[in-house]
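A short write-up of the structure that comes next.
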Amino acid sequence: MKRIASLAAPLALIVLGLSGCGLKPLYTGGGSGAVATTLTRIQVAPIEGKAGWLMTNALNDRLSAGGATPLYRLEVRLDDKITGLGVRRDDSVAREQRTLRARYQLIDLTKGTVLLDATAGSDAGIDVVGSEYATIAAENTALERLSDIVADQIVSRVALYAQRTQVSKAP
C-alpha cells in the first residue's frame with residue numbers, strides 16, 4: 001500500500017504538468033469542427049494507374065468527400081517502385097522493397113493558389129517465393145497497405161494545415 005502511494009504522487013504531478021503543455025485536440029468540435037468540415041470540402045483529383053485508384057479511394061474514405069461543394073482540390077502524383085534487394089546463389093531476387101511516394105498539393109479552388117505543397121511516402125518489404133502468383137499477390141497487398149499509410153499521412157498533414165490556418169484566422 002505504501003508503495004502504491006509513493007508512485008501515485010509523481011504520477012499525479014506528471015498528469016498535472018501535461019494539462020498545461022499547450023496540446024490541443026486536432027478535431028476539436030468533432031464532426032462539426034473547423035478541421036472536420038474543411039476536410040469534407042476537399043475534392044480529390046483523379047490519379048493515374050492502379051496505385052492512383054487505390055490512393056483516390058483511400059483519400060476519399062478518409063476525407064468523406066462528395067457531400068458539400070468543394071472549396072479545395074487535392075492533386076497527388078505518385079511514384080511507385082519495386083526494387084530487388086536480396087540475391088540468391090542462382091542470381092534470382094530473394095527480397096523486394098516496394099516504395100510508394102506521393103507529392104501532393106492542396107489548391108484553393110476560388111483563387112487557384114497552392115495552399116500546401118508536400119510529400120509523403122512509405123516502404124514495404126516483400127519476400128519473393130517460388131510461386132510467381134504468391135509474389136504478385138504479396139506485391140499487390142503491399143501496394144494496398146502503402147496506399148492506406150500514405151493516405152493517412154496526407155490527410156493528417158492537411159488536417160494540421162487546416163487547424164493552423166483556422167487558428168491564425170481567429171481573433
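Numbers below:
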quantity	calculated
The stretch 38-103 and the stretch 110-171: distance between their alpha carbon centers, rounded to Å	6 Å
Relative packing of peptides 113-119, 130-136 - highest average C-beta neighbours within 10 Å first	113-119, 130-136
For the stretch 110-121, 3J(HN,Hα) per residue [Karplus equation, 6.51 cos²θ - 1.76 cosθ + 1.60, θ = phi - 60°, Hz, x = Gly/Pro]	6, 9, x, 8, 7, 8, 8, 9, 8, 10, 8, x
More than 16 Å apart - percent of Cα-Cα pairs taken over the stretch 29-135	67 percent
144, 48, ranked by accessible area, largest first (probe 1.4 Å)	48, 144
Relative contact order %, the stretch 43-134, counting alpha carbon pairs below 8 Å whose residues are six or more apart	23 percent
Computed magnitude of the charge dipole of the stretch 43-158 (debye, nearest 20; Cβ of K, R +1, Cβ of D, E -1)	300 debye
Spin-label model distance (nm) - residue 41 vs residue 68, 7 Å beyond Cα toward Cβ	0.6 nm
Gain in span if fully extended, residue 131 to residue 61, counting 0.36 nm per residue against the direct Cα distance	21.9 nm
Prolate/oblate/rounded label for the stretch 79-171 (Cα gyration tensor, a/c 1.5)	prolate
Approximate spin-label separation residue 53-residue 114, in nm, with each point projected 7 Å along Cα-to-Cβ	2.9 nm
Potential lengthening between residue 93 and residue 77 on full extension [0.36 nm per residue; Cα-Cα distance subtracted]	2.9 nm
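The values are calculated or read from the model by the stated rules, or taken from the named source; none is laboratory data. This structure is a prediction, so every number in the text was calculated from the model and none was measured. In this analysis, Cβ positions are derived from the backbone assuming ideal geometry, glycine residues included, and neighbour counts consider all displayed protein chains. Heads up: the accessible areas ignore ligands, DNA and RNA and are worked out on the full protein's heavy atoms, side chains in. Shrake-Rupley method; radii C 1.70, N 1.55, O 1.52, S 1.80 Å.
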